[in-house]
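Notes for the one structure printed next.
We did not get these values from a lab; they are worked out from the coordinates using the rules stated. No experiment lies behind these values; they were computed from the predicted model shown. We place every Cβ from the backbone using ideal geometry, glycine too, and count neighbours over all the protein chains shown.
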Amino acid sequence: MKGHTVTINSTSSAVIQMNAVSKWYGAFKVLNEISLEIQKGERVVVCGPSGSGKSTLIRCINRLEEHQKGDIYVKGIELNDSVKNIAAIRSSLGMVFQSFNLFPHLTVLENLTIGPTLVRHMKRKDAEERAMHFLRKVRIPEQAHKYPLQLSGGQQQRVAIARSLCMEPEIMLFDEPTSALDPEMIKEVLDTMIELAESGMTMIVVTHEMGFARTVADNVILMADGNIVERAEPEEFFFNPKHERTRTFLDQIL
Ligand code: ADP
Ligand code: MG
């Protein structure tokens with residue numbers, strides 16, 4: 001551990017700042033000098049072909065993966081080997097995965113209170129109140145006492161979102177949150193995410209739901225082969241992309 005206090009040493013106002021970040025899996029370079037700034041309240045959608053490094057990019061931001069070159073700052077705190085820094089950064093980030101990653105042996109309510117009570121030492125009653133607040137937000141308060149596997153996929157994903165929100169993150173990272181869902185359940189999860197975006201949450205969302213991107217994104221990013229090929233406002237990205245690679249990608253998915 002590098003000292004006991006978290007030092008703010010970024011010079012940028014961005015809540016997420018990546019400077020020439022590279023990462024390899026063995027000899028394979030998965031992220032190639034990625035530079036990226038995201039401001040507070042910004043909603044950024046990341047798309048791109050399978051294997052282009054989208055998951056790795058957002059997993060590096062909360063240190064589920066370690067980058068090997070370049071710097072990452074979250075709220076001005078450098079993501080390095082300092083355990084304090086990593087803990088401080090993780091406490092401001094929420095993450096929602098394609099697979100919902102709920103604890104199957106805990107009820108929905110217990111899934112939502114375990115973090116706040118164990119990690120944040122909240123009183124059970126307060127944690128339960130907060131949990132019910134967010135279950136109402138994602139419109140499934142009536143499911144509180146069920147187990148995850150008794151819920152539909154769309155409901156489970158909304159529980160996963162509510163569970164993240166119970167930890168009061170400032171930034172939410174989503175990695176293809178609707179990819180594992182049946183088509184009829186996609187909308188209910190996207191609607192939840194749209195409401196979250198409208199509440200002012202800073203969000204990075206890896207998704208191929210281009211309707212969502214057009215509705216809420218401030219910026220859309222195309223990744224290919226570990227590079228950010230294009231970053232533009234949705235209007236520009238979809239209707240006047242600068243790069244051939246973006247056009248080819250859009251032709252494939254639209
Ligand atoms: P995407 O999310 O855009 O589909 P990923 O970030 O998951 O892409 O993966 C990018 C590339 O890195 C892929 O070629 C993938 O096979 C490879 N990769 C991902 N995770 C690992 C790992 N843990 N070890 C080795 N290679 C990996
Ligand atoms: Mg992925």
Projected area of segment 195-234, taken from the Cα convex hull and averaged over every viewing direction, in nm²? 3.0 nm²
Hull-based mean projected area of segment 1-115, where the convex hull spans the alpha carbons, in square nanometres: 9.1 nm²
If you place +1 on the Cβ of every Lys and Arg and -1 on the Cβ of every Asp and Glu, how big does the dipole about the Cα centre of the chain come out, in debye to the nearest 20? 800 debye
Taking θ = phi - 60°, what integer Hz values does the Karplus form 6.51 cos²θ - 1.76 cosθ + 1.60 yield along segment 80-90, in sequence order, with x for Gly and Pro? 9, 6, 5, 4, 4, 4, 4, 5, 5, 5, 4
Quick shape check on segment 33-73: root eigenvalues a ≥ b ≥ c of the Cα gyration tensor, a/c under 1.5 is rounded, otherwise prolate if a/b tops b/c, else oblate, and it reads oblate
Cα-Cα longer than 19 Å, checked against K54/K137; K29/K54; K40/K75; K23/K75, kept in input order, equals K54/K137; K23/K75
For segment 203-219, in residue order, the Karplus 3J(HN,Hα) values (coefficients 6.51, -1.76, 1.60; θ = phi - 60°; whole Hz; Gly and Pro = x) are 9, 10, 10, 7, 7, 9, 7, 6, x, 4, 4, 5, 6, 10, 6, 7, 9
Computed [θ] at 222 nm, helices only, for the chain once each DSSP H run of length n ≥ 4 contributes -39500 (n - 2.57): -11000 deg cm²/dmol
The exposure ranking of M132, M18, fewest beta-carbon neighbours within 10 Å first, is M132, M18
Output the Cα-based Rg and Dmax of the chain in Å, rounding Rg to one decimal and Dmax to a whole number. 18.4, 55
Pop out the ³J(HN,Hα) list for segment 132-141 in order, Karplus 6.51 cos²θ - 1.76 cosθ + 1.60 with θ = phi - 60°, rounded to Hz; leave Gly and Pro as x. 5, 4, 6, 5, 5, 4, 8, 6, 9, x
Identify, among Q157, L173, P116, the residue whose Cα sits farthest towards the positive end of the charge dipole of segment 109-189, taking +1 on the Cβ of Lys and Arg and -1 on the Cβ of Asp and Glu, with the dipole about the Cα centre. P116
Given backbone amide H placed at 1.01 Å from N, residues whose amide H is under 5 Å from that of G48, ignoring those fewer than 5 places away on the same chain, are M223
Which of A180, A14, A27 ends up with the largest GNM mean-square fluctuation for the chain, with Cα atoms connected below 10 Å? A27
Scoring the chain by relative contact order with C-alpha pairs under 8 Å, at least six apart, yields a percentage of 25 percent
